[in-house]
Amino acid sequence: MSSLFGGTGLRVSPRDVPAAVVDEPRSATPGRKLAVLAGGCFWCVEAVYREVDGVLDVVNGYSGGSAETADYKTVCTGRTEHAEVVQIAYDPSRTSFGALLKIFFAVAHDPTQLNRQGNDLGTQYRSAIFYADDEQQRIARAYIEQLDAAQVYGAPIVTRLEKLDDFFEAEAYHQNYAALHPNEGYIAGVALPKVDKLRRYFGEVLKR
């Protein structure tokens with residue numbers, strides 16, 4: 001077994017994470033849909049999804065709190081209700097919400113850690129799916145139930161389902177952060193190993 005979420009103590013192979021049984025239908029024509037996910041530091045999650053075919057754009061930001069406190073310095077105090085999130089724009093003719101969730105649970109983060117990811121502590125680093133509509137809520141809930149029933153992780157999934165009220169774009173210097181700072185210690189030690197696992201185990205979904 002390979003260590004999927006380095007430094008967390010959780011060991012599971014991406015091969016053990018199944019595809020979502022419940023998913024949205026693949027569109028016959030190109031389009032643009034949005035998914036908002038929280039899985040710890042947004043730099044790491046962003047780096048993973050920028051590699052995925054069908055993903056049109058990834059924007060780092062904050063959800064779960066008010067506009068007045070949606071800035072990095074305040075969110076980092078852990079005293080707001082925000083989570084660091086990524087807003088993923090994707091083409092539903094090339095990928096799906098369920099396919100994005102598989103990557104979320106298999107590579108992007110550890111869904112069994114409550115209000116933390118590794119050494120990043122606080123509710124701003126919680127695992128959450130911010131659903132935009134009833135369909136996203138249905139797919140996300142069914143997938144979590146599917147993974148828990150299969151006992152994929154050997155521990156309960158703590159990922160929260162939260163209604164998406166607002167998405168606040170993060171400061172410009174946070175965007176495309178991993179690609180712009182590949183030699184920074186945190187990026188090299190935490191973000192890039194996740195990208196490597198995506199490339200190793202999910203080569204079929206990578207951008208060409």
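Readers should treat all values here as calculations from the given coordinates under stated rules, not as data from a laboratory. Small disclaimer: the values here were computed from a predicted structure and weren't measured. Please note: Cβ atoms are built from the backbone with ideal geometry, for glycine as well, and neighbour counts cover all protein chains shown.
Each residue, Glu169 and Ser93, gets one label point 7 Å from its Cα in the Cβ direction; the gap between the two is 2.6 nm.
DSSP beta bridges fully contained in the range 23-199 are about 85 percent antiparallel. Considering only Cα-Cα distances, which of the following residue pairs are longer than 23 Å: Lys73/Lys197; Lys102/Lys207; Lys102/Lys194; Lys33/Lys102; Lys33/Lys207; Lys33/Lys197? From Lys73/Lys197; Lys102/Lys207; Lys102/Lys194; Lys33/Lys102; Lys33/Lys207; Lys33/Lys197, over 23 Å: Lys73/Lys197; Lys33/Lys197.
Can you tell me the dipole magnitude for the range 23-199 around its Cα centre, using point charges on the Cβ only (Lys, Arg +1; Asp, Glu -1), in Debye to the nearest 20? Don't jump to the answer; show the numbers that get you there.
Working: 17 positive and 25 negative charges, 85 e Å.
Computed about the Cα centre, the dipole is about 400 debye.
Measuring from centroid to centroid over Cα atoms, what is the spacing of the range 181-208 and the range 87-116 in Å? Comparing the Cα centres of the range 181-208 and the range 87-116, I get a distance of 15 Å. Other residues lying with their Cβ under 12 Å from the Cβ of Asp120 contribute a combined charge of 0, Lys and Arg counting +1, Asp and Glu -1.
Based on other C-beta atoms within 10 Å, arrange Thr69, Thr29, Thr112 from fewest to most.
Least crowded to most crowded, the residues run Thr29, Thr69, Thr112.
Close amide-amide hydrogen proximity is noted between Thr112 and Val158, each under 5 Å apart and 5 or more residues distant or on a separate chain (H modeled in the peptide plane; Pro and chain starts excluded). Between Ala132, Ala108, Ala38, the GNM of the chain built on Cα springs shorter than 10 angstrom shows Ala132 fluctuating the most. Near Thr80: Cβ cut-off under 13 Å, other residues only, Lys/Arg at +1 and Asp/Glu at -1. The net charge is -2. Choose one answer from Pro92, Pro25, Pro14: the residue with the largest mean-square fluctuation in a GNM of the chain with alpha-carbon springs under 10 Å. Among Pro92, Pro25, Pro14, the largest GNM mean-square fluctuation belongs to Pro25. Scanning residues 5 or more positions from Asp57 or on other chains, those with amide H under 5 Å from its amide H are Ala89, with H placed 1.01 Å from N in the peptide plane.
Put simply, the amide H of Val85, placed in the peptide plane, has neighbours under 5 Å in Gly61, Tyr62, Ser63, leaving out anything fewer than 5 places away on its chain. The Cα center of the range 11-54 and the Cα center of the range 134-160 differ in position by 14 Å. Rank Ala35, Ala89, Ala188 by mean-square fluctuation in a GNM of the chain with C-alpha springs under 10 angstrom and give only the top-ranked residue. Among Ala35, Ala89, Ala188, the largest GNM mean-square fluctuation belongs to Ala188.
Think of the chain as a dipole: +1 on every Lys or Arg Cβ, -1 on every Asp or Glu Cβ, centred on the Cα centre; then among Ile144, Ala155, Leu101, Ala155 lies furthest on the positive end.
For Ile139, Ile157, what ranking results if the residue with the fewest other Cβ atoms within 10 Å of its Cβ goes first? Before the final figure, lay out each step's value.
Numbers: Ile139 21, Ile157 17.
Sorted ascending by nearby Cβ count, the order is Ile157, Ile139.
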